[in-house]
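In what follows, a structure is listed as structure tokens, so that the remarks can point back to it.
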Amino acid sequence: MVKVELKEATKYYEERRGVEDINLSIDDGEYLAVLGPTGSGKTTTMYLLAGLFTPSRGSILFDDEDVSHIPAEDRNVGFVFEEYNLFPRMTVESNILFGPIVKDLDLIVSRKVSRELLALLNISGKESNFPDEISGGQKQRVALARAIVSDAHILVMDDPLRALDAKIREILQVELRKLVKDLGITCIHATHDTQEAMRVADKIAVFKNGKIVQIGTPEEVYNHPNSLYVAEFLGESSTIEGKIDVSKGEKFLVLSDESRINIATDLKKGEEAIALIPSELIDVFPLTEKKNLNYHNIFEATLLDVRCVGEFNELNISIFGTIFKAKDLIGKEIPLRKNSKVLVATDKDDYRIFPKKEKENNE
Amino acid sequence: MVSEQRDVEVKMRRTLLKAEKWLSKNTVLSFGTIITVLIFVLIVLGPILYLLLQILINWKEINTTVFNDPILGNEAFLMMMRSIGLSLQVAAVVTVFDIIVGVPIAWILARYEFRGKNILDTLVDMPMAVPTSALGFSIYLFWGTNNGLSRLFNSQVGFVSQGTLLIILAHVAFTFPYVTRSIKGIITDLDLNLEKAGKTLGASPFTIARMISLPMVKEGLLAGTVLAFTRSLGETGATLIVSGVYQTAPVVIVSWMKGLKIPTTAFLALILILISLTLLALVRLFARKVGLPWGKVFPKFERKLSSKKVTRTRDGMALFLFFIFVFIPALFVIIYLFQWWGKSPFSGDPTAGMIYQVFQAPDQKIGEILHALGTSLEIALIVTLINLVIATPMALMVSKMKKKKVKGFLDLLIDIPLVIPSSALGFSIFFLWGSNGMHLLSPGFFMIIIAHVSFSYSYCVRPLIGSFDAIPTMYDEAATAFGASKFTAFRKVTLPFLKSGLIAAAIMTFTRSMSETGATIITMGTERTIPVLLVDFFEASTFPAAAFAATILIIISFAMLLLLRRITRRAKNE
């Protein structure tokens, strides 16, 4: 329907920075997730898109037309809020038909679309209920239907699933993506939850302190984070510092205790570096397995704690004088006991190597 | 010595705890409940019910005097109908004007941040605290004499003569704060996100205000409107001054009462009471259910209404109307006082000036003023104390009431003195306690007190219910769990929370009692309170003396208002 572009969009709140120099291009029908922690500028970006804020600088373009100064009521952006914001004194149906009524659309058509949407979202039969009579998940579905029925060309969602239970959240993530793709609508979805972003989006933009740090497909962003910040934000991981060394064409990270980890990196010899390893890429074995393993790095370590958290075990391992976190799939049936010696096995591609400068810059 | 003293202390504390334990027994508590209800009935409901009963019993006599007087025929009834008609018309116009001024001002106070907002907020509340007779007098001076507005235009006569228009101008001044007050808080608490949602769905600000915000403000607005309407319908003090020959119903009650036409007065009082009660009950029952007139939206037109130009004009208009129709006329009396300080500004005659009239003339007005002021303060103080004692248990009872229907009913009953005309209420008190009823009192100091306790009862109970509601019950429960009796828990845990609520209730009651005219005139006998004295001065055409009394009243009530705001604000911050 619509191609959305932000060009150096910037918004200041008096002295404070909301977002700065946001450059984004979302293709017609694309589903973009805006990912970042609280205060990283997600909501500001969403408000800029919807016209609830006007940019202090830069511009916002819909289909190459500058809409920066068009007020929210004329932008045709469907907005889904974190807190639903259903009108409390109106029934579900009146809520959904609010947009068509105030825009003077054909109510017969709108009513039909609304019925279909409600059926699609599995909440038929609630039309005459008031918002306080339905559950949180149903409220958010109504809010979604309301945004779409208002003849929106773009759907903007500001952490729409935040207030919901984990189970409902997962169900709605799937529903959301399916609906958006079926309608072919351009969609921007802000969230603080990596899994949610990866589950719903075609592309993810990672935000930090009001700026975009990386844009890419979920796989790109997850497997090739361009900064320590992105890597740390996207998944559970452990880090360790050292110096790069080269021998026999292989690169190593030399730790303060002289342990050498085989890694793959563009950094040159002698440079200080930080290695980050996602928890799920650390494999843990009993000492007896040593001969059967084929890894670039195998170290002995002490297993401090094993905790079952559902699909996997969470392991705390003491190694190189620090603590690594590992995830180990249940079902492997390897007898791992607390306070026992274990083997920690990793490949050289498992490590994401960043220059140490970056970390210092962050702090 | 020391240990002995401590022994006595311990003994006393034990006795106190024991006494409180006894007071906390269920039988004693239910006895207390019965007394609370009994006092309420005696002071508020009793007089009204007695009036109704007497009219039914003596219907024959009423029938004769009202409808079939041998000389006047049904002239009395016709006059009643004329006065009620005038009162209703005035109240209706006033209410419409109140909404036009009151709603935008509430919006400005709730939504905009600007310098002097606090001052505006206080100014808006002021007419509620200032005695209406002082307000009415000031407004009369401004509009109706050649001292005020017409002076600017060098005219020799007043701009607006006494009559319907002046009544409306006066009533707007003291009723519109009821509208502003009742919705300002609600607008402040409205969820702004809902408006954002409306915006993204394509609604213009006006459409949002009409379709989303208004339904949520509706009940408060209706409640405020009814208060404003009934206040206008029942006002006496200001109306006596500005009405001239046009008599509204409460003024007729006062003048008939002066002529001791008891049966006709009784009948008129009852009609007024019934009208007010019906309005109150209707609003309480249907406020939630009232739908809004149109669901249809006119996007283009409403968008035009939302433009900056229109909203700015609207805000400016509301403020302009407030200043020109409320603020300046209400305080004009102070300017007048300075104009007439030592001599007449027109003739230069010093005997027409305030100083001579109040302090030097042989009739010693200053003595009268001081005496009336003393009486007023004395009455207000006693009324406040009595009301605190009888209102606290009532407020506690309503706040703790679990049965919703009973609670709603009690809540409704408590509001009765708020809506019925105070002159009618005063008359019912006179009727029940005086020679026509229990024959316990004759008009005078004590009857004034009973009347004042009666009409200020709601002003005392309302804020207390609010305070009780705001106290979390968990502390109370925790205290009882530790073995404290209910009474001890109340004294130790609840009472400290209640302090600012009690003070607020006390000030409200005090100012209300200080400023009442209608009920006082009917129950006062030969006593004079200062608002009534002001009316007397006015009727004797000694305006400078009246201005002096009015200024004193304005200063006192303004100080009270500032005190009240201070206390409630501190309570909010805590």
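Here are the numbers:
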item: Filter result (among the β-branched types (V, I, T), at pLDDT 90 or above and more than 30 Å from B:L498 (Cβ to Cβ)) within the range B:353-396; result: B:I366, B:I369, B:T375
item: When residues of the range A:131-145 are limited to those that are aliphatic (A, V, I, L, M) and either away from chain B (no Cβ under 14 Å) or touching a Lys or Arg at 6+ places or on another chain (Cβ under 8 Å) (or both), the one nearest to A:V156 (Cα to Cα); result: A:V142
item: A:L276 assigned to a strand (DSSP E or B) and not assigned by TED's automatic domain parsing to the domain that holds A:V213; result: yes
item: Selected residue [of a type in the set (S, T, N, Q) and touching an Asp or Glu at 6+ places or on another chain (Cβ under 7 Å)] from B:T122, B:T132; result: B:T132
item: Conditions (1) assigned to a loop (DSSP other than H, G, I, E, B); (2) more than 8 Å from chain B (Cβ to nearest Cβ); (3) out of contact with any Gly (no Cβ under 7 Å at 6 or more places or on another chain); (4) at pLDDT below 90; number of the one not met by A:A152; result: (3)
item: Test: residue in the range A:169-190 that is within 14 Å of another protein chain (Cβ to nearest Cβ), in a loop (DSSP other than H, G, I, E, B) and modelled with pLDDT under 90; result: no
item: Checking B:S347 against (1) in a helix (DSSP H, G or I); (2) among the small types (G, A, S); (3) surrounded by fewer than 13 Cβ atoms within 10 Å (Cβ to Cβ), the condition it does not meet; result: (1)
item: Filter result (more than 14 Å from chain A (Cβ to nearest Cβ) and at pLDDT below 80) within the range B:287-323; result: B:P293
item: Qualifying position, being over 20 Å from the mean Cα position of the chain (by Cα), more than 14 Å from chain B (Cβ to nearest Cβ) and hydrophobic (A, V, I, L, M, F, W, C), among A:V77, A:V34, A:V109; result: A:V109
item: Residue among B:L381, B:L377, B:L418, B:L410 that is free of Cβ contacts under 8 Å to residues at least 60 places away in the same chain and under 22 Å from the mean Cα position of the chain (by Cα); result: B:L410
item: Check on B:R512, under 26 Å from B:I386 (Cα atoms), assigned to a helix (DSSP H, G or I), of a type outside the set (G, A, S) and out of contact with any helix residue (DSSP H, G or I) (no Cβ under 8 Å at 6 or more places or on another chain); result: no
item: Evaluation of A:S128 against (1) under 26 Å from A:A197 (Cβ atoms); (2) more than 14 Å from chain B (Cβ to nearest Cβ); (3) touching a helix residue (DSSP H, G or I) at 6+ places or on another chain (Cβ under 7 Å) (one fails), failing number; result: (1)
item: Enumeration of residues in the range A:53-64 that are away from chain B (no Cβ under 14 Å) and either assigned to a helix (DSSP H, G or I) or surrounded by fewer than 19 Cβ atoms within 10 Å (Cβ to Cβ) (or both); result: A:S56, A:R57, A:G58, A:S59, A:L61, A:D63, A:D64
item: Criterion: of a type in the set (A, V, I, L, M, F, W, C) and not assigned by TED's automatic domain parsing to the domain that holds A:M198 - qualifying residue of A:V221, A:V213, A:V246; result: A:V246
item: A:N262 being polar (S, T, N, Q) and in a strand (DSSP E or B); result: yes
item: Test result for A:F252, of a type in the set (F, W, Y) and in the same structural domain as A:Y47 (by TED's automatic domain parsing); result: no
item: Selection within the range A:242-259 - assigned to a strand (DSSP E or B) and either more than 16 Å from A:H296 (Cα to Cα) or under 35 Å from the mean Cα position of the chain (by Cα) (or both); result: A:G242, A:K243, A:I244, A:D245, A:E250, A:K251, A:F252, A:L253, A:V254
item: Flag if B:M81 is of a type outside the set (D, E) and either surrounded by 21 or more Cβ atoms within 10 Å (Cβ to Cβ) or under 18 Å from the mean Cα position of the chain (by Cα) (or both); result: no
item: Which listed residue, of B:E195, B:E219, is within 13 Å of chain A (Cβ to nearest Cβ) and over 30 Å from A:I148 (Cβ atoms); result: B:E219
item: From the options B:T230, B:T225, B:T278, B:T236, residue that is under 27 Å from the mean Cα position of the chain (by Cα), buried (at least 18 other Cβ atoms within 10 Å of the Cβ), over 19 Å from B:V103 (Cβ atoms) and away from chain A (no Cβ under 14 Å); result: B:T236
item: Test: residue in the range B:200-215 that is more than 14 Å from chain A (Cβ to nearest Cβ) and modelled with pLDDT of 85 or more; result: no
item: Residue pairs meeting the criteria (Cβ under 8 Å; at least 6 apart or on separate chains; first farther than 19 Å from B:F409 by Cβ, in the range B:28-45; second surrounded by fewer than 15 Cβ atoms within 10 Å (Cβ to Cβ)); result: B:V28/B:W22
item: Count of the range A:8-52 residues which are surrounded by fewer than 18 Cβ atoms within 10 Å (Cβ to Cβ) and part of a strand (DSSP E or B); result: 8
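The values are calculated or read from the model by the stated rules, or taken from the named source; none is laboratory data. These figures come from a predicted structure and were not determined experimentally. Please note: Cβ atoms are built from the backbone with ideal geometry, for glycine as well, and neighbour counts cover all protein chains shown.
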